[in-house]
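The values are calculated or read from the model by the stated rules, or taken from the named source; none is laboratory data. Just so you know, these numbers come straight off a predicted model, no measurement behind them. Backbone-built Cβ (ideal geometry, glycine too); neighbour counts: all protein chains shown. Note: accessible area is taken over every heavy atom of the protein model, side chains too, but ligands, DNA and RNA are not part of it. Shrake-Rupley method; radii C 1.70, N 1.55, O 1.52, S 1.80 Å.
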Amino acid sequence: NYAMVLNLLMDRPVEECRSIVERSFGSFLAAKNKQKMEVSADANSELREEVEEAQTVVERVDEEELRVFQKLTERLKTEQRVARILTHQAEDNRKSMFADMLPYCQAGTPVLLKYSSADPYAAQEDLKSMETFKGDPEAAILLGPYDASQILDSTTPDFFVCLSKGNRVRIVTASDVIDVDTESNVVVLGDDVTGESLIEALPSKRKWLRAGVDSFVTPGSARTDQITAGIPALQLPGIPPEVMAQEDRVRHVEALLVAHPIFARDDRKEILRAARFLADKAATGELRALSNADKANRDRLGIGTPAEDVPVAWKDFLACMQCLRDFGYIR
């Protein structure tokens, strides 16, 4: 500070003052700070190279065209996300509706079930290892609810027993039901067969729970095979109108994206990655911090002047001397 500069110059020559300043604690702190800045500069060198490389890639295309292409890309992602949300909402509404409806449906009500790959003729111990994969939905009829309250807790969804057109008796939940045909007549089981009797003939609860509810099926009998002949074929339900409208918006944005000139470039993904990298670094403040660090290094070390020739503390001492000289306090 100015007081220290005046005290040193009061009875010492400038050369001795420099020796004292270079051995002072302030000089030590200044050297330590300079070392930190040099380490920081080395750490930023990799980021600087990445930024320069990304800027080179981005400069291949027009800035305005890239901005429009980025907006279309982000808009497409948004529209696709909204479409997924609407689809999931429609699925949840369907599950909720069927969960409320199925307990009150008559035995023999036609339903459409999701495909299950479980083999009813496989050994029970093999059912655990079987995978469920996508396939054509399976027409079936509802036999009735399956009471598992003595084994499961209150949070477990209700189970229902269905007889599929392939003569398989399946234990399902509302999430396995794709559609319920309440407009058609129920399938008559016959005087000698009731839904309760078919349910009672199923394996023990603990046996199928141990095998896994999702994959459990059991083969029907010759009598149930006669009943399956009357099961009607059901069509897949239509797509909800809000989902169809959103899918139209997705296709519209996709068409705009394909028509954009950048889409025809082979390096469009590289350009988008580079632009996204620069945008992320700008959003997190890393580009500004990098620029400020470079400016601070230039200011502290000086341009074209080696730091070893003029220590930072001595440069500050000389700056205070010059200020005091300008105001006439020293000659």
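Here are a few things to note about the model shown:
- Criterion applied to 154, 184, 96, 129 was being at pLDDT 85 or above and exposed (fewer than 12 other Cβ atoms within 10 Å of the Cβ), and the one residue passing it is 96.
- Restricting 325, 300 to those that are at pLDDT 75 or above and among the basic types (Lys, Arg) reduces the list to 325.
- The range 157-181 - residue that is in a loop (DSSP other than H, G, I, E, B) and open to solvent by less than 50 Å² (accessible area, probe 1.4 Å) and, of those, farthest from residue 103 (Cα to Cα): 167
- Among residues of the range 158-170 that are closer than 12 Å to residue 229 by Cβ, those with a beta-carbon under 7 Å from a residue that is surrounded by fewer than 20 Cβ atoms within 10 Å (Cβ to Cβ) and of a type in the set (D, E, K, R) at least six positions away or on a different chain give the pairs 167/225.
- Unmet requirement for residue 287, which otherwise passes all of (1) more than 18 Å from residue 77 (Cα to Cα); (2) out of contact with any helix residue (DSSP H, G or I) (no Cβ under 6 Å at 6 or more places or on another chain): (2)
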